[in-house]
1. Which one is nearest to the chain's Cα centre (by Cα), of the residues in region 158-184 that are without any contact (Cβ under 8 Å) to a residue 60 or more places away in the chain and closer than 10 Å to residue 296 by Cβ?
2. Working only within region 192-204, note down all residues that are closer than 12 Å to residue 255 by Cβ and surrounded by 11 or more Cβ atoms within 10 Å (Cβ to Cβ).
3. Is there a residue being surrounded by fewer than 17 Cβ atoms within 10 Å (Cβ to Cβ), of a type in the set (A, V, I, L, M) and at pLDDT 85 or above anywhere in region 123-132?
4. Within region 242-262, is even one residue in contact with a Ser or Thr (Cβ under 8 Å, 6 or more places away or on another chain) and polar (S, T, N, Q)?
5. Among (1) at pLDDT below 85; (2) loosely packed, with under 15 Cβ neighbours inside 10 Å, which single condition is residue 76 missing?
6. Which numbered condition trips up residue 199, out of (1) in contact (Cβ under 8 Å) with a residue 40 or more places away in the chain; (2) outside the structural domain of residue 147 (by TED's automatic domain parsing); (3) over 14 Å from residue 283 (Cα atoms); (4) not charged (D, E, K, R)?
7. Please tell me if residue 11 is at pLDDT below 90, in contact with a Lys or Arg (Cβ under 8 Å, 6 or more places away or on another chain) and either within 28 Å of residue 154 (Cα to Cα) or in the same structural domain as residue 98 (by TED's automatic domain parsing) (or both).
8. Going by what's in this entry, would residue 164 be described as in a helix (DSSP H, G or I), farther than 18 Å from residue 270 by Cβ and in contact with a Phe, Trp or Tyr (Cβ under 9 Å, 6 or more places away or on another chain)?
Amino acid sequence: MSSLEWSNRQSGGSIITQTNNARLDLNLLTVIEAVMMERNVTRAAASLSMSQPAVSNALRRARKLTQDQLFLKVADGVQPTARMLAIWPELHRSLAVIRASIAPQQFDPRTDPTSFRIAVTDSLAAEAVCGITSRLRATSPYARIAFSFHTNASSLDGIERGTLDCAVGMFPALPRAIHVQSLRTDRYVCVMQRGHTLSQEMTLEQFAAASHVLATPSGSDLGVVDGWLSLDGRTRTIVAVVNHFAHALRIVGESDLLTCVPSGFLEGPGRMLVEQHDLVVRDLPFETEKLIYKLVWHERLHVHPAHQWFRSLVADICG
């Protein structure tokens, strides 16, 4: 390949033209991709099994070819330039297509060393992380699994950027390039101390007037339950926000606060906390929607044999 021209639809011009007869090694593209995904030259070098000077040298060549800095140094690594952000979607998609076109059509989990990267929502993580790892170890001993902290926004961003292969969460809205598979349904319930004044009977007015601890991985001041309450023109008093449902249950076990959690969490990892703190579980005193857990992934990995197999494993564990 003597030259390669990329079309950059967003910027309206080509990145590399044939006018300078420049040679573009595909290795440069994989280096750019790794730095973009890691946002750190040292980590990119490690992911590519290259030395840091080799990656830095490749970046210098890429900058000369593109006539752009591509990445700027920041305190904790590098950040992409506007030009890099513009070319990234097409670059990443093109590399995925190339890899898929030359990848073996037959996948053998017993010998394949593929690394998988996934984020799992907190309410399923305790059972899913252990289950996925154990099943993967038993069926694909050379594979590697890396789990990431999940929020709907961070997981979709990771899937778009390519730093995640798939994610399990609720995802109320999805971009067009994202594939989705429904896994299971659930519902929110209210949890409190057994001696709480609302442990026997609870009206909507009493629920809204009580003090609550909100569990949300995003750290937002409002959760799904608050959205449902707003439909009735109601709000509730949230006095504490935590990232994990287990933390919320522990707080409730030692206070007069209420918390709302998916019922499935209480049947799994949360059961011990309910028994330990002698907590009471009550239905919410208003109409709610079902929670739908979904497995999502990007179009570029849709037909990849290894990732198809891995998603089937995840769906079996989480569904």
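The values are calculated or read from the model by the stated rules, or taken from the named source; none is laboratory data. Please read these numbers as outputs of a predicted model, since none were measured by experiment. Glycine gets a Cβ as well: all are built from the backbone with ideal geometry, and neighbour counts include every protein chain shown.
1. 164
2. Of the residues in region 192-204, the ones closer than 12 Å to residue 255 by Cβ are 192-193, 195-196.
192, 193, 196 - these are the residues of region 192-204 that are closer than 12 Å to residue 255 by Cβ and surrounded by 11 or more Cβ atoms within 10 Å (Cβ to Cβ).
3. Within region 123-132, one or more residues are surrounded by fewer than 17 Cβ atoms within 10 Å (Cβ to Cβ), of a type in the set (A, V, I, L, M) and at pLDDT 85 or above.
4. yes
5. (1)
6. Result: residue 199 passes all but (3).
7. Against the criterion (at pLDDT below 90, in contact with a Lys or Arg (Cβ under 8 Å, 6 or more places away or on another chain) and either within 28 Å of residue 154 (Cα to Cα) or in the same structural domain as residue 98 (by TED's automatic domain parsing) (or both)), residue 11 qualifies.
8. Working: in a helix (DSSP H, G or I): no; farther than 18 Å from residue 270 by Cβ: yes; in contact with a Phe, Trp or Tyr (Cβ under 9 Å, 6 or more places away or on another chain): yes.
No; evaluated as a whole, the condition is false for this residue.
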